[in-house]
1. Calculate, in whole percent, how much of the Cα-Cα pair population of region B:396-471 lies beyond 17 Å.
2. Distance from the Cα centre of region B:312-381 to that of region B:631-673, in angstrom?
3. Convex hull volume of the Cα atoms in region A:102-219, per residue, in Å³?
4. When the C-alpha atoms of chain B are aligned to their principal axes, what extent does each axis show, in angstrom, from largest down?
5. Rg(Cα) of region B:412-562 divided by 2.2 N^0.38 Å?
6. Report the Cα-based extents of region B:179-255 along its three principal axes, largest first, to the nearest Å.
7. Could you tell me how many degrees, from 0 to 90 and to the nearest 10, lie between the Cα long axis of helix A:243-253 and the main elongation axis, the longest principal axis, of the Cα atoms of chain A?
8. If each residue's Cβ is checked for other Cβ atoms within 10 Å, how do B:738, B:130, B:176 rank with the fewest at the top?
């Protein structure tokens, strides 16, 4: 369990990083927190010719929370995002989801943007990016561009970012008014990859009736999916909405696979249960926020 | 005994060192050593057709490549069958490097030595081995079906048929009022010590001698094996177990191929060589345990008393049988637990599969035996409508029946005779500890919260401290320091503390003056090893006897100096004094100096022992006939047979019927290991064992596919419980002294793990009302179970009398 030989570069500017990536071609790989990449290297499941360590790039460790959303730099660790009250105030899902990312040691090292670029459908932050309708900023030799989540995730562990490129940040839009969120997982052990996870957003109108309910799931598909569950609950007052019906709707919309830890059937059950539970919590929060604002 | 330490919860003296990074584990040794890496079989069953090393030859830093062809003399022979047995009719072992056929994924085929491990792995990756795949046998049922053979010359895949019986079971079953028959399974798990295996070898060309450090549970026997296989004289081989980061059984197996090949390479290359096992290697090339298919028929009367028990077990022994049939024997003999079974027959067919070898893992066949017996008790209770505790009570061996002969033969070849115990006492304490009789109220409270609550219990008897022997050496130095050594090894159990406690107690010295060394053949050459909950019983008694020998000699010498009778002397805080006469005393360290008559003084203290230091008795030689210089003594403890510890566990589980997550919310243990040397250490052993029991019940399994590929060979997918998954454990002690050894103690190392699967299965079954026939069980499997046609189960309300 020792990596195959590789070259190592630690550029100090984005341009320099892109130069190295350009020169090294397909064999080069960007290293940020290393929590997914280094085990792959040690097991020789990946053997990049060059690791381009971006930890010395300036300015990428910032969390910028504004009225429109939260911009998370490529070197922001999960632990920093979890601790950010400013980020939580703008988009509460960020803290709720990062609390479920592995264990403190991994959160201290692993980066939020790195886990998005890794595109693991079991990762929390890929689903949160999708649920919040977020995007990433990518630097390439041709310039900088913004890629929305729908265009970003191509398959498990695969994004549309190819060639010399560094993902500079991820942008999570703010939680809309009169809305609430919740996030929950079932994992075999505390901190493990979720067997199934759900993040939801519920929005209510001035009469505290549900106008929208959306959910994104972990570990149930090849790429993050957002499902609109409004049909089951829209128009109902929050306190009498049939969240279980929304859960049932969701379990029919997903198409999970089975693995060592959970059958596809069991994942469908968890989708239903977690949807029902998180929607109820998010609905209550939406009501509280709506009353607070009025 | 004036310095009372026996029975005290003395804090572990090794912990400060171990938890602040000051431990010296295998990989901490030999920073400049060459590194070995292995090419291992990617196939579960295949013929090795060709090994092409040319691709690796240009790797800079490559030093040597070894294949089977390079092995000479005894090294080219199969590895030893460590524990032969007449019923092991078809023993098979592998070679240090595969000869013609590989029998499991992970079997070593080529050893590479290079300047460091990275380079060694680079070279290993460039060696091309071609294989011809052969049919694969995975799992006990496939082995039993014998459509394919693991070993060509064992067509039925049966390595051994173990058979014991205490009477004629078939007529006894026929005469029973009721009988039930059922089949159940236990899955594979493994020891998984934090530190894997590892070997470091240094050849001294001038002395023509070898020093080997190995992360082992049996350094003296590794030494003998290396000497035999490398054709060295025993005194030219030293083997030392440094700090060992856990064993749990896997490191009692020896010699591992690496324990022979690394010394071989060190000798051939004239340079230190080291191999440190990585986690993937540990999964696919060390050892597993536990998989059995159990076919049980039990006869019982109206009151639920067992009249006959017939058990047929199919035990998966993996690809080879280096450790003989110890696990089948332990399962067969420990199955009967604390119960009086009038007629018992057990047959264990030990079968080959194309998987990693199966050798003892903490519990070593006992968890499976306990699972068979305790699930049988639950069945009888359900069939008779009786409280599960009551059925057990009716079958327990009673206090006036000791010594109780089960008429079976144990793993040490000696009779299974329970030396002492109080099993009804265990049950009474357990019921009180978990409030067994009022569980219905707790269940109702949980039901109101939308949760399913269930309770289960399991009892066990554990044969501990098997022989043949251990020894101890105790020496008092002129500085007052007391050196203690014993040959068996330590893997974190707290031996430094416990053996020091015993010697300090026996000798009457402060504990901080006592230094303990274990597992170093330079210090003590005779030993068996650390396994089967035997260290405290075996080495504990041996070092205590050695300390008594030292004390006797010290009193004899001091009596002459103090002009008193030895019976009138006592030793306290390192001072020998005449009882009741303050000031009439001599420090033990001075006695140590005087015990060794000297010609040459090298320091102030030594002057006291030289020939002109004082008037001597000219009528006697300085060292009497039959005596020896020095204040030291070596002694051995060799038991007539094993001593039998016992215990009872109860688990309460809470299940969320929306997710089928299983939460062990309460875990209670009543534990009897005879006289307790250090209750804190015993409780720690119980806690660790319970954690592994929870792991075996709810999390751990070796997921082989039908090609013999292990699907979860990493800590990401092989789930051991974290601290967050281990319930708080409440413990009550019962101390029933063993009459078999001087200290009256029984072993405690494995107890905690034994009843875990049985108690938790019983609790889950109680909660969900469906029969559980296979452990472990996960939430996804529980979801399948409750939707299946599995038998509904109704337990009589706890505490209800029939």
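1. 63 percent
2. Each part reduced to its Cα centre gives a spacing of 18 Å.
3. 117 Å³
4. 93, 74, 51
5. Computed over Cα atoms of region B:412-562, the ratio equals 1.55.
6. Between the extreme Cα coordinates on each principal axis of region B:179-255 lie 70, 26, 13 Å.
7. Here the helix axis deviates by roughly 50 degrees.
8. B:130, B:176, B:738
Just so you know, all these numbers are worked out from the coordinates, no wet-lab data involved. Quantities reported herein were computed from a predicted structural model and do not represent experimental measurements. Every residue, glycine among them, receives a Cβ derived from its backbone with ideal geometry; neighbour counts consider all protein chains shown.
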